[in-house]
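So the structure is just underneath, and the comments pick up after that.
The values are calculated or read from the model by the stated rules, or taken from the named source; none is laboratory data. Computed from a predicted structure; not experimentally measured. Here the Cβ positions follow ideal geometry from the backbone for every residue, glycine too, while neighbour counts run over all protein chains shown. All accessible areas refer to the heavy atoms of the entire protein, side chains included, with ligands and DNA or RNA removed. Shrake-Rupley method; radii C 1.70, N 1.55, O 1.52, S 1.80 Å.
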Amino acid sequence: MTDEKILVGDFEASRPHLRAVAYRMLGSRSEADDAVQEAWLRLSRADTGEVQNLRGWLTTVVARVCLDMLRARKARTEDGDAAPEATTSPEGNAEEEAVLADSVSLALLVVLETLEPAERLAFVLHDLFGVSFEEIAPIVGRSEVAARQLASRARRRVRGAPERDEAELARQHDVVKALLAALRTGDVEAVIAVLDPNVVIHGGRPGREILDARNWVTSAVAFTRRVRAIDAVKPALVDGTIGAIYAPGGRLASALRFTFTGGAIARIDIIFDKAKLKTLEIATLAES
């Protein structure tokens, strides 16, 4: 067997672990795959003859790639661009899905999205994968003590976050998917069906409150038909709650923040203001 085949075999053996690390770091199926692919490219170009622990070396490479991606994502979001897809239903073979399913939840994702990139990396690598702070420190460009402090700060934020009902989050996600599906088909009655009878819609400008839900739904359906906008509307975590974003061409134009009562949408806050949009913590969610 050639050295190249041995290297490929070793990489493939580490792939489920690397994908799990990247997925927890990024919360995005597609970006996790990109990070793992980048790790392979770097491995194929590197001289690994002196590497004694290839899995550990690859974990470090993936972590560095993910950190760069998180920082770039943060910069894009601050500039008004949409955040990448986050999903709790990653595709892959059975072994990879089992690894990814382990302690990955929508509730955890909500909390991780609030962490700064370096905090998230330190927490994920140390608390979820047992990587030492000695190894984490050079990845984040800090001392070992500072890396430990990053993880500690992240841990406090994770523990201090309000407890989230995973089943309820999943139900709310389903409601939003049903809402978008109804808008996509132009089914006004199906949209009305997922709204509370007393739903209140705040229309994006101070003091503007829409109480006639049917008129708003009719206008929303007409808008999506007129500009064919529905494909640019995605379910999303908006400041830790289930909502949706409108991002034509990948640029964030508006966000919908939903409040639920009894399984129905009781309030919709429509956010257009660019300055306000930049303050939101957003990660889009898969619709399937």
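Ranked by the mean number of other Cβ atoms within 10 Å of their residues, highest first, the peptides 41-49, 27-35, 212-220 fall in the order 27-35, 212-220, 41-49.
Applying both filters, DSSP loop and at most 13 other Cβ atoms within 10 Å, to the chymotrypsin sites (Phe, Trp or Tyr not before Pro) of the range 251-285 gives Phe272. One decimal place: the segment Arg71-Ala193 gains 39.9 nm when fully extended, by the rule 0.36 nm per residue minus the C-alpha distance. Given R₀ = 22 Å, FRET efficiency for Asn215-Arg251 by Cβ-Cβ distance, to 0.05? That gives a FRET efficiency of 0.20. Give the separation of the Cα centroids, the range 252-266 to the range 12-55, in Å. So the separation of the two Cα centres works out to 37 Å. Extension gain, Arg267 to Arg55: 0.36 nm times the residue separation minus the Cα-Cα distance gives 71.5 nm.
Placing a pseudo-label 7 Å from each Cα along the Cα-to-Cβ vector at Arg153 and Glu4 gives an inter-label distance of 4.6 nm.
Is the shape of the range 104-160 rounded, prolate or oblate, going by the alpha carbon gyration tensor and its root eigenvalues a ≥ b ≥ c, with a/c under 1.5 for rounded and a/b larger than b/c for prolate?
Details: a/c = 2.14, a/b = 1.80, b/c = 1.19.
Judged from the Cα gyration tensor, the range 104-160 comes out prolate (a/c at least 1.5, a/b above b/c).
Under 22 Å of direct C-alpha separation, and excluding same-chain neighbours fewer than eight residues apart, Lys74 reaches these lysines: Lys234, Lys274, Lys276, Lys278.
Distance between the pseudo-spin-label points of Arg42 and Ala222 (7 Å out from Cα toward the beta carbon): 5.3 nm.
Based on the reciprocal of the average 1/r between different C-alpha atoms, the Kirkwood radius for the range 4-79 equals 12.8 Å. Within straight-line reach of Lys5, meaning a Cα separation under 21 Å, there are no lysines at least 8 residues removed in sequence or on another chain. Of Arg73, Arg225, the order by accessible heavy-atom surface (1.4 Å probe, DNA, RNA and ligands excluded), from most exposed downward, is Arg225, Arg73.
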